[in-house]
1. For the chain, what is the charge dipole size about the Cα centre, in debye to the nearest 20, if Lys and Arg each add +1 at the Cβ and Asp and Glu each add -1 at the Cβ?
2. Among 424, 2, 204, flag the residue with its Cα farthest along the positive direction of the charge dipole of the chain, charges on Cβ as +1 for Lys/Arg and -1 for Asp/Glu.
3. Considering only protein heavy atoms, with the full assembly of protein chains and a 1.4 angstrom probe, order 116, 138 by accessible area, largest first.
4. How big is the dipole moment of segment 122-280 about its Cα centre under a simple scheme where the beta carbon of each Lys and Arg is +1, that of each Asp and Glu is -1, and everything else is neutral? Debye, nearest 20, please.
5. Give me the distance between the Cα centres of segment 1-62 and segment 493-512, rounded to whole Å.
6. Relative contact order (percent) for the chain, with alpha-carbon contacts under 8 angstrom and 6 or more residues of separation?
7. In whole Å, what is the distance between the alpha-carbon centres of segment 339-388 and segment 395-435?
8. With charges only on Cβ, +1 for K and R and -1 for D and E, what is the dipole size of segment 293-339 about its Cα centre, in debye, rounded to 20?
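The values are calculated or read from the model by the stated rules, or taken from the named source; none is laboratory data. Predicted model only: the values in this text are computed from it and were never measured. Because the Cβ atoms are built from the backbone with ideal geometry, glycine has one as well, and the counts that use them run over all protein chains shown. Heads up: the accessible areas ignore ligands, DNA and RNA and are worked out on the full protein's heavy atoms, side chains in. Shrake-Rupley method; radii C 1.70, N 1.55, O 1.52, S 1.80 Å.
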Amino acid sequence: MNSKVMDVSAALDLIRDGDTIVTTSASMVGYPEYVVKSLEDRFVESGHPGSLTLYNGCGQGSPLRYGASDRFGHPGFLKRTVCTHPNVVPVLGKLIDSNEIEAYVFPQGVLNQLFRCTAAKQPGLLTKIGIGTYIDPRQDGGKLNSKTTENLVELMELDGEEYLFFKTRPINVAIIRGTTADENGNLTIEEEALKLEILEVALAAKASNGKVIVQVKQAAAAGTLKAKEVVVPGELVDAVVVSKEQDEYHRQTAGTVYSPYMSGELLCPPGAVSKPKDVLSSDDIICRRAVFEVRRGALINVGVGVGAAVGAAADVEGVTKDMTFTLELGTFGGTPQSRADFGSAINVTSYVAHPSMFDFYHGGGLDITFLGAAQIDAEGNVNVSKFGGRAAGQGGFIDISQTAKKVVFCTTLTAKGFESAVEGGKLSIIKDGSIPKFVAKVDQITFNGKLSREKGQEVVICTERAVFKLVADGVMLTEIAPGVDLDRDVLGQMGFKPLLADELKVMDGRIFVPGRMGCFD
C-alpha cells in the first residue's frame, strides 16, 4: 500500500472550487491550522479553491492571534458558512455583516449530531432543540443576514408535537487533526486536549464520497500504532500532512503549545483550593449567590461569561469534590480552563466525543447549568445571540438551556459603564450602566421563557443586586442585595416591571463579606 503521508500541497489538490468542507476544533483546541493556513496561502496566490461552503461544529477562533476560521475571511474564498460562534471570528464576521457570504448559525449540539446523520446518509436531524428560538423558521431560521435565503431548517409535526428538521448536506472534504498517523492513515490523539468530532466528520465525508485530510505532529510506520488508541481508522483517511512550525500551527490550545495535563496523559498535582478574595467585585457577588443554587452530587455545566467563575466560587466552599463539572466539548470531571486555554480541562476523569456529550445533554442528563445573558424580558426570554447590531451566535447555549433540569442565568443588571463597590456587608451602586439588560422585549430569542415555564423548568436569574425566578406568570423578583434601594437601583433600571414576591428577601449577608461563606457547612 502506498503511504498516505504527503506534502501539504498534494493534500490541498483534493479540494475543488465550490466544495463543502468541515474543519474541527473548539476555539483553537484541535484546529488543523497548518493545513488551513496553507489553503489560505493557495487561495490568496491563485484565487482557488474558492466559493467554498464551510461547516464547523464549535467556535473556531483565537483570542490571541489571527488564525483558525478567520483565515477564510477573504472575499471569494467562501460562498457560505454554517457555524455556531460567528463572534469569535471578527474577520470572517465582517463578510457576514456586510452580506458578502451566506451565513447560518445552528445550535452546537445539533450541528455535531447532524454530522452523524450525514455519515448515515439520513436526510436530516429531527429534534426539539431550537423550537421557539431564532433557529425556528417561524423566526429567523438561523439565518444571519439578508443574503442568506435558503431554508436549512423546517418545522414539522409528529404525533401532535412540533419538531425542527435540520437538513444534511454532502461533505466533500473533512480537515481534521490528531497527534500521530501511520503510513496507512490510522490516527491517534494522545497529545490532543479533546476527542472532538473528528471521527464523525470523517465518516460524513466518506459517506458523501468525499476526502479526509489529517494534520498530525508526526508520522509512524505502518502497523506500529496500538489498535485501541486509533480514533480514526486509516480506511477513512486520504491524506496525512505532518505540520511544520508546530509551536505556531499545531498548538494544543491558543495559549499552550503542549501540556500533558491538558491531554490527560498526566494528573496535575493537587494544590490548595481556590483562595477567597479580599475585595469583592459585582461578578464575584453574582457567582457567590449562584453557588447557593448548587447541590452536592449534581452534574454541572458552566458556560462562558460571568458564570464561568461559579466553579471557582464553589471550590472556595470546598464542595467541588462532591459534584461533577462537565464541558459540552466532551469532558467529565476535572477543572475547565479559561481564557487562552478555553475548551480544555485538567484532571478530567473521562473523555467522550463532542456529539456524544450532546446526546447526554439532550437526554436530560444535566442537572444544573450556569449561563450568561445579554438581554432578559418580562416573558423570561433571554438573548445572547444578537445585540449591539452584531450576530454573536450562541454555541451550545440553546442545546443546554432547553434540556438542563435547572438553569441559572448570571448577569449584571446593567452594562457599559456600570460600577459598584462592596463595603461593610452591603452593595453600593456607584454608577449604573448605560445599557439595561432587563428590557421590554429582547432583540432575539435564544431562550424561550414561555416554553420553559410551560414545561416547569426551574430558572433562576442572579444579578449583583437582585435575584429573580421564572414563575408561571413571568419574571418574579425574589431577593435584593443589602444596601440597594428597590425603586431606584432595581425597578428603576429595568425595562419592565417584574412580579414581586410576597416576601421579598434580602440576599444572604455572607455573600457580601469576603472569605468563605460556609453555605454548605
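1. Values: 53 positive and 64 negative charges, 35 e Å.
I would put it at about 160 debye.
2. Comparing the listed Cα positions along the dipole, 424 ranks first.
3. Details: 116 75, 138 130 Å².
The residues order as 138, 116, largest area first.
4. Details: 17 positive and 23 negative charges, 54 e Å.
Computed charge dipole of segment 122-280: roughly 260 debye.
5. Going from one Cα centre to the other spans 51 Å.
6. On the way: 1288 pairs, mean separation 70.4, N = 521.
So the answer I get is 14 percent.
7. 17
8. Details: 4 positive and 5 negative charges, 11 e Å.
That gives a dipole near 60 debye.
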